[in-house]
Every structure is written in C-alpha cells, then in structure tokens.
Amino acid sequence: MIDLSAARVAAAAGGELAAGDPERAGPERAVIDSRVVQPGDLFVGLPGASANGGQYAAAALEAGAWGAIVGREHRELALAATEGTVGHSACSAAAVIAVEDPLAALHALARAWRRELGAKVVGVTGSTGKTSTKDILAALLGSRLVTHASRENWNTEIGLPLTILEARRGTEALVLEMAMRGEGQVAELVAVAEPDVGVIVNVGPVHLELLGTVERVAAAKAELIRDLQPGAACVVPASEPLLDAHLRDDVDTWTFGPAGQVKLLSFDRGHAEIEAREEMVDLELSYSEPYNLLNTLAAVAATRALGVGVGGRVEVRFSSMRGEVVELPGGVTVVNDCYNANPMSMRAALEHLSASEAERRIAVLGTMAELGPDSERYHREIAAQAAALGIDVLVPVGEDALAYTDGFDGETHPVATPEEAGVLLEELARPGDRVLIKGSRSVGLERVLA
C-alpha cells in the first residue's frame, strides 16, 4: 500500500487534487490498464500510440479504483464519474488528480515513494543477462533484507515506476532492472530510481539500428554510472575498455569476472567459492550455466557494495523464458530461452548447449533483431559458431533467420513459423536429445512449445 494521504499523493505527483478527501488513506498500487483495475488501485491514464489512457479513467473509477491520475484534458470526464453522471454508480469517494503530463506524474510519484521507503536501491542494466542478474541479486538480498524486485521485464519508463509503487512500507531493498533501446533512456530511469548501486552486466552489439556502434551502446548504458550520486557504487565487468572512460573517482567501482575484484575461485556440484575484495564467499547454487555464474559475481559485488553479507544456499526464481528447462514426454529436454537474443547471449546459450550431455543437440533459432546493417554477418557468425561447437541440428525460424544457413554446414530444417518448428520437433526429436529455443522477442518462439 502507498500509505500516503490523497493530498500527499497529489502533491508528490505534481498535480491538483480535483476530487476526493485530502486525508483519505492512499492506494494499494498503481496500474495503467483500466481492464485490470481492482478496488483500491490508482489508475494512471497514460497517453499511448493509439489511444490516451485518460479516456478510460471513468471506467477505472466505476470498477472501484481508489482514484485516477489524468491529464488536464480528461479532468472533467473523470470528475463526472465521481459525481455519478457517467456509468451506473457514483464514485464519490474516489480521488481525481489532474496533471500536465501523466507519465511525468507517475515518475514523480514513484521517486517520492522510493524516498519515503528509504530502501537500498540497485539499478541493473546490460546488453544481456540483466534479468537473470536481477533475479539472482533479489535472491541474495532477500535472504537478509525485505526485498522487492522488478517482475519479469518491468524495466521500462513505465514498468520501473510501477515496480517501485508496488513496494510496501518496510521494504529494505529494491532491485530494479533498467532497459535501454536508445540514448537518454537509462538516465530517465536513474532519475526515478536514484540507485545506491548501479550494475552494468556487460556491453555488446544490441540496438545497433538505433545507436549504430557498440561504443554508443556503452555510453548509453553508462548513463547509469554518470547519474549516480557521489559516494554511490557501481559494478562493472573487469577489463571492459568500453566503460573505462565512464568510470568516476567519486563512485566506488567494483569489478567482477576473471580479472576482477569479485571472481569465481572454484565451482563444483553447485558449490561456488568466490573471492570478493579478498573476502571469501561460499554459495550453494541450483544452477551451473557459465553465464549465470558470471551474473552471480555481479550480484555478489552489488550485495557487498551495499554492505550486505552473502553466503549459504541461494534459491533463485528466474523470470520466465530465460533458460527454463522443460522435460518433454519421450525423454527430450528443452531449454526455453526465447525471451530475447543478441550475439552475446546467443553465443553463451550455444556454448552451454554444446557442453550439456545429450544424444543430439538441436538449436531452434529465431532472428536476432535490431542489429542494423551488419545483421546478416552476425547471424552467419553465430551459425559458424554453432557448427564449431558441434551442434547437430539447426532449425532457423522465419525468413529473417535464413542467414543462419549460410554459416552452418550441418543438418538444417528451415521453417516459416514457431508453430511449424513445434510440429517439426515432434517428428525430429528423439529420446536423449537436448533442444535450445532462442530468438528475439519479436519472433514469438514461446509458441514452439504451445
């Protein structure tokens, strides 16, 4: 519950409390979709590409919303709902908060609630692995502190403030994922979250259609470092030259990885021995993927940067479609890693597939989106790596994925849709086979298992 009075909610959002009792207790949470409104919710009417959410404020209030934040152009419509002149019932107790810019109001309210909570805040970004790192970090902190983290991919200029506004009073740590597709977007999120620690998991060739070069990708990610308060901490990969120019003397920099301050000394049957600035950390992990072990180092660095202890069993609930292992009838194992893909994550997933025990290794691959003019080259390089790693069968999905066939000299079965890939797997996969499903979100490869 956002336990601020209605007057304080309006003031925090930078708006006018046009209706409602100023002393009324605050809402349960904030939502932006009038179709999911529950009694006690604060509906925020955001402008969209095809419709303005303010048009649905009356419906949200009729559904029992605690109140609504709307642009001034929808003020009267929302007020009419509270007066019973719209719909079938009056919403006389509901708050109506009129603002100039609903998105800016959402950001301001989330920032105010973050300050009210007084929780430790970690912002996590990166070209790949940021969601898994967020999940691991939430598990590490959650064993010591009351922790709230971004759900799934709530990592945008909308998802991040909604995540903050879900946190209950008494929350001691917030773990917030920060997405980026262009310049200025991480900075916008940092301004809302005001993190105590900023984590950059890695930098790689993603979103090149918008940014053009990996150097510009690094600079966009490094907005997280640039906008930290003096005395904060940042966590970065060791020996990442693309970030060197963005490091600050007034920010405590933790490095992770083989040459870093936080490094993996040994890993055997789930037991990880880690050195963190000359401190020994022992963890029992339920996963073994090399990329997630590296993500664990970043999470350990962030936890220690906050001054929180680390050790013992780590129970991580990874977000969906990120390395999920699905056992199919007939003895076929599927690794569902289809939430997104870029050259870095694709290489890591193929390396893990290659190292896994299996009769045959099958890769069902969709395109890697937003790679710009060098897209075909990146796809050919991934296919060549799959061949070098001994992947037995390649199933490219969709016309844009046909570039994989240029670099793979093994057995290939191109298909047009995820559904066709699913039918093919039923015929192709045999007991003991291991199947990787991976591609950019736009391909919709989750439908392979439908």
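Can you tell me how many residues in region 248-299 are over 21 Å from the mean Cα position of the chain (by Cα) and aromatic (Phe, Trp, Tyr)?
Of the residues in that region, 2 qualify.
Tell me whether region 70-93 contains one or more residues that are buried (at least 19 other Cβ atoms within 10 Å of the Cβ) and under 19 Å from TRP113 (Cβ atoms).
The answer is no; no qualifying residue exists.
Out of the residues in region 10-46 that are touching a Phe, Trp or Tyr at 6+ places or on another chain (Cβ under 9 Å), modelled with pLDDT of 95 or more and not in a loop (DSSP other than H, G, I, E, B), state the one that is nearest to GLU100 (Cα to Cα).
Only one residue tops the list, namely ALA12.
Among the residues of region 118-138, are any under 30 Å from ALA219 (Cα atoms) and free of Cβ contacts under 8 Å to residues at least 12 places away in the same chain? Steps first, answer last, please.
First, pick out the residues of region 118-138 that are under 30 Å from ALA219 (Cα atoms): 118-138.
Still in the running and free of Cβ contacts under 8 Å to residues at least 12 places away in the same chain: 118.
Among the residues of region 118-138, at least one is under 30 Å from ALA219 (Cα atoms) and free of Cβ contacts under 8 Å to residues at least 12 places away in the same chain, which makes the answer yes.
With VAL395, VAL332 as the choices, which residue is touching a His at 6+ places or on another chain (Cβ under 7 Å) and crowded, with 21+ Cβ neighbours inside 10 Å?
VAL395
How many residues, within region 258-307, are among the hydrophobic types (A, V, I, L, M, F, W, C), in contact with an Asp or Glu (Cβ under 9 Å, 6 or more places away or on another chain) and without any contact (Cβ under 8 Å) to a residue 24 or more places away in the chain?
2
For region 135-170, which residues satisfy the criterion of being farther than 16 Å from ARG322 by Cβ and part of a loop (DSSP other than H, G, I, E, B)?
Selection gives SER143, ARG144, LEU145, VAL146, THR156, GLU157, ILE158, ALA167, ARG168, ARG169, GLY170.
LEU265 is checked against (1) under 30 Å from ALA388 (Cβ atoms); (2) not assigned by TED's automatic domain parsing to the domain that holds PRO230 and fails just one. What number does that condition carry?
Tallying (1) under 30 Å from ALA388 (Cβ atoms); (2) not assigned by TED's automatic domain parsing to the domain that holds PRO230, LEU265 fails exactly one: (2).
Inside region 287-406, counting only helices (runs of 4 or more DSSP H) that do not spill past its ends, which hold 2 or more residues that are more than 30 Å from THR147 (Cβ to Cβ) and in contact with a Pro (Cβ under 9 Å, 6 or more places away or on another chain)?
The helices (runs of 4 or more DSSP H) meeting that bar are 343-355, 375-388.
Quick check, is THR255 closer than 30 Å to GLU215 by Cα and not hydrophobic (A, V, I, L, M, F, W, C)?
Working: closer than 30 Å to GLU215 by Cα: yes; not hydrophobic (A, V, I, L, M, F, W, C): yes.
Spelling it out, THR255 is indeed closer than 30 Å to GLU215 by Cα and not hydrophobic (A, V, I, L, M, F, W, C).
The values are calculated or read from the model by the stated rules, or taken from the named source; none is laboratory data. None of the values given here were measured: they were computed from a predicted structure. Here Cβ is always computed from backbone atoms with ideal geometry, including for glycine, and neighbour counts include all displayed protein chains.
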